[in-house]
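Below is one structure, written out as structure tokens; comments come after it.
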Amino acid sequence: MILLFVPARHPPTEWPPEDLKESRISDPRTNDRIRVPEVRLVGPAGEQIGVVAIDVALRLAQEADLDLVEVAPNSKPPVAKIMDYGKFKYEEAQKAKEARRNQANTILKEVRFRLKIDVHDYETKRKRAEGFLAAGDKVKAMILFRGREQSRPDQGVRLLKRFAEDVAEFGTIESSPTIDGRNMVMVIGPLKTKATAKAEAEARRVANKPAKGGSDVTDGDDETDEVSPEPTENVSADSAEDVSTKEDKDA
């Protein structure tokens, strides 16, 4: 008996794969891949050339030894720009990398309040938050309600908004006051990125460094020291005295 081996039939593999399709879709069409009769052309320096035939646009790009890139495919007609596409892709990749690095380095610091907090504790927490924001970190301000304080969320909103105004030189509100269980939270984002804050701190440190042969004595209040990410930002004001406001006295 003779046995014949017949390979199994497999469905044809789709080409290109879905992941490759997605990567291609994200890239703009360039040069001969732009298949439209005409485009609204933008020159290398950003000058508006106007609506021209695609052949004319390609010729102008070739004469400039650059690429023709479709930057707005959904426009009528599509907008194309003459540019160095390789340089453009490199710059975009660097921007994306920097954005990811800044996002990864940003830390969410937490500062906790009681609804009834005395002036000294409030100022301590304000200065701590300013230090975090100046270092490029976000601050999560949280009010811990106790007992019947939960029925007075308006007082919590006023306290957090006052806090945001007091640190406005260093950050802005990213998330408005909201109720989270028995607490109220608000997120303040820094005005400077982490990288910028570190660069400025390093520049101040170098500027304040004593010259060779000079005095080694430094000011004990040197502001160039970076904020230490200690867990002290979570210290609550449980032992704080009542705020000397009429509403808190009524409470």
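The set of residues in the range 140-174 being hydrophobic (A, V, I, L, M, F, W, C), within 27 Å of the chain's Cα centre (by Cα) and surrounded by 15 or more Cβ atoms within 10 Å (Cβ to Cβ) consists of ALA141, MET142, ILE143, VAL157, LEU159, LEU160, PHE163, ALA164, VAL167, PHE170, ILE173.
Taking the range 75-190 and the strands (runs of 3 or more DSSP E) fully enclosed by it, the elements with 2 or more residues that are in contact with a helix residue (DSSP H, G or I) (Cβ under 9 Å, 6 or more places away or on another chain) and over 30 Å from VAL56 (Cα atoms) are at 108-114, 138-144, 171-180, 183-190.
Applying a threshold of 8 Å to beta carbon distances and a minimum spacing of six or more residues, or different chains, the list of pairs starting in the range 55-66 at a residue that is outside the structural domain of PRO44 (by TED's automatic domain parsing) and ending at one that is surrounded by fewer than 17 Cβ atoms within 10 Å (Cβ to Cβ) is empty. Mind listing whichever residues of the range 121-130 are in contact (Cβ under 8 Å) with a residue 24 or more places away in the chain and either over 17 Å from MET186 (Cα atoms) or outside the structural domain of ILE173 (by TED's automatic domain parsing) (or both)? Of everything in the range 121-130, just one residue is in contact (Cβ under 8 Å) with a residue 24 or more places away in the chain and either over 17 Å from MET186 (Cα atoms) or outside the structural domain of ILE173 (by TED's automatic domain parsing) (or both), namely ASP121.
Being crowded, with 17+ Cβ neighbours inside 10 Å and assigned to a helix (DSSP H, G or I) is the filter here; which residues of the range 32-59 pass it? Quick ask: steps written out before the conclusion?
To start, the set of residues in the range 32-59 that are crowded, with 17+ Cβ neighbours inside 10 Å comprises 34, 39-42, 52, 54, 57-58.
Scanning the range 32-59 gives ILE54, ALA57, LEU58.
The values are calculated or read from the model by the stated rules, or taken from the named source; none is laboratory data. Because the structure is a prediction, the values reported are computed rather than measured. Here Cβ is always computed from backbone atoms with ideal geometry, including for glycine, and neighbour counts include all displayed protein chains.
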